[in-house]
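Written below as structure tokens is the structure these notes are about.
The values are calculated or read from the model by the stated rules, or taken from the named source; none is laboratory data. All figures in this text were calculated on a predicted structure; none of them were measured in a lab. When we count neighbours, we look across all protein chains shown, and the Cβ atoms used for this are built from the backbone with ideal geometry, even at glycine.
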Amino acid sequence: MRKAALVLLVACLFLVVTDIGKAAAPINVPPSLMLHSHSAEFLPEFLDLISQEGYTTITYRDYAEALSCRLPQKKYIIISIDDFGPNGITPSLRTMTEELKKRDMVAVIGLITGRLDAESWNYLSELEKAGFEIASHTLNHSYLPGLSSNTLKEEVLGSSNVISEHLAKPVSLILPYGGFDQDKRIIEAAQNAGYKFIVGISGGEQVDETSNIYYVGRESPNIKSAKKTLVILEERFATQNNGRCKFQFSVKKKL
Ligand SMILES: [Zn+2]
């Protein structure tokens, strides 16, 4: 992925130089796919397809580094895989990460930090070294809007602390069940824990450069067709820069 980061850096430098003097506008989020452990069969064909179509995989961590410039959106794609952890690194999850690695691709791993053994942490550490991002998917995979404020904070901050003990401090909080409801407590807890992205399911096709935390959305795969999945992703994330990012605006307003 360091290769991907270098490409982004070069793209940034070029775009910063050519963009001087233009007003800031919301930036499109790259097409973002949400996978789970049962997506192992779907993945190889999809990865071959995005490779043929000229996409480079990046993570939210990469994207954060590139936010000061306008990315040529269609070149990048973010793949996330949720629900790592509760049963260790299962054979299916291992297959999925190996399929990515052998194509020199990366993904965002949504980690439920509850009960992980040393072997799992070692595996995750290797993934991180290969450019994968290890994101928090909370301690226990609870629906956050339904929790008491103290438990919610513990799920959000506690999982960040656990990951930080073993790996890089996480920058992305992946919401269990996509549960958000624009709950101010989630936003505050995520900000206090130092996250940069709240990752959900719907909305969040653009981010506002002036915000210090972003809500970003994802799309599920069409499990029968890699091609259809890519078409859906391209349509969903092809939002025009119309000078206004409604979702970010409403999140900020609630603060
Ligand atoms: Zn989940």
**Request:** Could you check Ala135 against (1) farther than 25 Å from Val207 by Cα; (2) within 16 Å of the ligand (Cβ to nearest atom); (3) touching a Lys or Arg at 6+ places or on another chain (Cβ under 9 Å) and say which number it fails?
**Result:** (1)
**Asked** Which condition breaks for Ile174 when tested against (1) modelled with pLDDT under 95; (2) under 16 Å from the mean Cα position of the chain (by Cα)?
**Response** (1)
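Mind checking whether some residue in segment 201-210 is of a type in the set (Ser, Thr, Tyr), over 22 Å from Thr97 (Cα atoms), surrounded by fewer than 22 Cβ atoms within 10 Å (Cβ to Cβ) and within 16 Å of the ligand (Cβ to nearest atom)?
yes
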**Prompt:** Given segment 1-90, what helices (runs of 4 or more DSSP H) lie entirely inside it while holding 3 or more residues that are modelled with pLDDT under 75 and surrounded by fewer than 19 Cβ atoms within 10 Å (Cβ to Cβ)?
**Reply:** 2-19
**Fill in**
Quick count over segment 143-179, residues being surrounded by fewer than 20 Cβ atoms within 10 Å (Cβ to Cβ), closer than 17 Å to Leu116 by Cβ and either within 16 Å of the ligand (Cβ to nearest atom) or aromatic (Phe, Trp, Tyr) (or both), is 1
**Prompt:** Could you say whether any residue in segment 101-117 is without any contact (Cβ under 8 Å) to a residue 24 or more places away in the chain, assigned to a loop (DSSP other than H, G, I, E, B) and within 15 Å of the ligand (Cβ to nearest atom)?
**Reply:** no
**Lone qualifier among Glu234, Glu219 - being surrounded by 17 or more Cβ atoms within 10 Å (Cβ to Cβ) and either more than 21 Å from Asn140 (Cα to Cα) or of a type in the set (S, T, N, Q) (or both)** = Glu219
**Message:** Among (1) farther than 26 Å from Ser211 by Cα; (2) without any contact (Cβ under 8 Å) to a residue 60 or more places away in the chain; (3) assigned to a loop (DSSP other than H, G, I, E, B), there is one condition Thr138 misses while meeting the rest; what is its number?
**Reply:** (1)
**Message:** I'm trying to understand the selection: among the residues of segment 170-221, which are in a loop (DSSP other than H, G, I, E, B) and among the hydrophobic types (A, V, I, L, M, F, W, C)?
**Reply:** Val171, Leu175, Phe180, Ala193, Ile201, Ile213
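Would you pick out the residues in segment 76-89 that are more than 14 Å from the ligand (Cβ to nearest atom) and out of contact with any Phe, Trp or Tyr (no Cβ under 6 Å at 6 or more places or on another chain)?
Hits for segment 76-89 are Tyr76, Ile78, Ile79, Gly88.
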